[in-house]
Amino acid sequence: MALKLYNTLSRKKEVFRPLKGKKVRLYTCGPTVYWYAHIGNLRTYVFDDLLRRVLEYNGFGVKHVMNITDVGHLTSDEDTGEDKIELGAKREKKTAWQVAQFYTNAFKKDIKRLNIKSPTLWTRATDYIKEQIDLIKVLEKKGFTYKIADGVYFDTSKLKNYGVLAGSQKRKLKPGARVEVVAGKKNPEDFALWKLSPLLVTRQMEWLSPWGKGFPGWHTECVAMAVKHLGLPFDIHTGGIDHISIHHTNEIAQSEAAFGKHLARFWLHGDFLTLQEGKMAKSESNIITLKNLVEKDFNPLALRYLFLTSHYRSKLSFSWRTLKGTQNALAKLYQRIGEIKSLKTSPKTSQVLNVKKVKEKFLQFISDDLDMPKALALLWEVLKDKKLSPKEKKELLFDFDRVFGLKLAKVKKLTVPQEIKKLLDLREKYRAEKNWKLADQLRQKVQKMGYGIRDTQEGPKIKKL
Ligand code: AMP
Ligand code: ZN
């Protein structure tokens, strides 16, 4: 079955095949480490993780590179404003390096708690200054740059198809209109490749370059690091939708200008998580972090479950109430799996065909541009299916969980104390004798001891209350 992915570049779903062999080369724009990741950022990283797991489920190997932006990301997209990391250092009275390390560690902890697979390779922007300078030198040699008092800029008017990725979402900027513009910029879309340290200001992070002391522009780091580790073009580049019109557009521009080649074959973008009162941004005060969730006794995997309930290309509106709902759904799922694990029934061979069919359906859903809501609905259908044996259900659910990542295999089987088991057996005896009154009294007794009984076709099921 062919894997189809929506390519922002062509604005349609396309059949995906790796450019070389069976190994997919995947690059993800990682976090800017000046503050905790918010749950919106984390939605994008869960989307990346689901993509990676779907690729693996489809039998591909994946080399996944993710950067850590620890320099050069300014507070404004217009190449003005302060470097976010240096700003964080002022706020926290630490060095820029300490701030970057602290929030890198916090991010890694977050993704572990969300069961997001670690990338094959982490790349920190400050470890690749030489590669970024080399890239700018190539662009300079090919005549795509100009230098002004503020730094070295990319001249977007020199590139014929600048902005193809954004299409109709292209920024329409007028010089001087509302936004602060760098003096001397030739075209509003031009962007900084190398920013010079301001006169009389010593930045904590600055390096010597052929153009003077300064630091690389944010859009340069991803190109330099991706090309170094994944080659050109590589298979898939991902990020949030806000990266389409500027960051990724400018990454493509540099790669086409420097190497005459497209940076990546597929561009995938995750839509935003919004709060009921609107957009969530790290720079605004309305952020919710994973730490906030854990403090309110939420399991981080309930957030992962919430992300599975909507397609990655749809907006998802967050509220504590919906999260509570998904936490309950996850608890119910774990409960059902605990029950299944404690049942000792052998598989019925006649159902093998069914298992195969269900697996095909699952593959079909996830291979249709990662349709997780449909795949998740299938998981519940499997649980309810009367034709599948507990063993078959277990096999299917654990197989699906290679993609969902809800740690289903770790769910403990339900252990029922001997005393309760005896009462259950007795109740079954009464039920067989149609002695409903005594059976009911026993149910109440068991309930008082902290266990609920649910009568099903497979027999009574017990759950801890
Ligand atoms: P940043 O650390 O700001 O560079 O952002 C990290 C990632 O989160 C990027 O891929 C952004 O596109 C993405 N992102 C930012 N805000 C949101 C949001 N509210 N919902 C989903 N993704 C987001
Ligand atoms: Zn990037």
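The values are calculated or read from the model by the stated rules, or taken from the named source; none is laboratory data. What you see is a predicted model, and the numbers here were worked out from it, not measured in a lab. Glycine also receives a Cβ, built like all others from the backbone with ideal geometry; neighbour counts cover every protein chain displayed. Ligands, DNA and RNA are stripped out before the accessible areas are found, and what is left, the full protein with its side chains, is counted by its heavy atoms. Shrake-Rupley method; radii C 1.70, N 1.55, O 1.52, S 1.80 Å.
The table for this structure:
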read-out	value
Cα-based helix-to-principal-axis angle, 320-342 vs the chain, degrees rounded to 10	50 degrees
Inter-centroid distance (Cα atoms) of the stretch 376-454 relative to the stretch 190-242, Å	56 Å
Per-residue ³J(HN,Hα) for the stretch 116-131, Karplus 6.51 cos²θ - 1.76 cosθ + 1.60, θ = phi - 60°, Hz, x for Gly and Pro	8, 5, 5, x, 4, 9, 9, 10, 8, 3, 6, 7, 10, 5, 4, 4
Accessible surface, the stretch 418-464, averaged per residue in Å² (probe 1.4 Å)	72 Å²
Share antiparallel - DSSP beta bridges, the chain, percent rounded to 5	50 percent
Rounded percent of accessible protein surface that carbon and sulfur make up, the stretch 4-270, 1.4 Å probe	54 percent
Carbon + sulfur, % of accessible area of the stretch 298-410 - ligands and nucleic acids excluded, 1.4 Å	57 percent
Top positive-direction residue, dipole computed over the chain with Cβ charges, set L263, W320, S197	W320
Amide H within-cut-off set for G240, under 5 Å, with H built and near neighbours excluded	G270
16 Å cut-off, amide nitrogen to a point 7 angstrom out along K94 Cα→Cβ, residues in the stretch 285-321	291
Difference of contour (0.36 nm per residue) and Cα-Cα distance, N161 to R402	82.7 nm
HN-Hα J in Hz across the stretch 150-160 - Karplus 6.51, -1.76, 1.60, θ = phi - 60°, x for Gly and Pro	7, x, 9, 10, 8, 8, 5, 6, 7, 9, 4
Surface accessible to a 1.4 Å probe, per residue, for the residues of the stretch 4-270, Å²	41 Å²
Those aspartates and glutamates that a straight Cα-Cα span of less than 19 Å connects to K20, excepting residues fewer than 8 apart in one chain	E56, D235
Rounded to 10°, Cα long-axis angle of helix 352-366 versus longest principal axis of the chain	30 degrees
Amide H within-cut-off set for T123, under 5 Å, with H built and near neighbours excluded	M66, N67, I68
Alpha-carbon centroid distance for the pair the stretch 130-153 / the stretch 1-77, whole angstrom	27 Å
Isotropic mean projected area of the C-alpha convex hull, the stretch 418-464 (nm²)	3.0 nm²
Per residue value of the accessible surface for the stretch 298-410 (all protein chains in place, 1.4 Å probe), Å²	46 Å²
Value in Å of the Kirkwood radius, where the chain supplies the Cα pairs that are averaged	24.9 Å
Per-residue ³J(HN,Hα) for the stretch 19-33, Karplus 6.51 cos²θ - 1.76 cosθ + 1.60, θ = phi - 60°, Hz, x for Gly and Pro	5, 10, x, 10, 9, 8, 9, 10, 10, 10, 6, x, x, 8, 9
S317 long-range amide H proximity, modeled H, under 5 Å	T274
Spatially proximal aspartates and glutamates relative to K109 (Cα-Cα < 16 Å; intrachain offsets below 8 disregarded)	D49, E295
Computed [θ] at 222 nm, deg cm²/dmol, the chain (DSSP H ≥ 4; -39,500 (n - 2.57); rounded to nearest 500)	-13500 deg cm²/dmol
Percent accessible area from carbon and sulfur atoms, the stretch 418-464, protein chains only, probe 1.4 Å	50 percent
For the stretch 343-465, alpha-carbon Rg and Dmax in angstrom	18.0, 55
Accessible area, probe 1.4 Å, largest first, for residues E221, E189	E189, E221
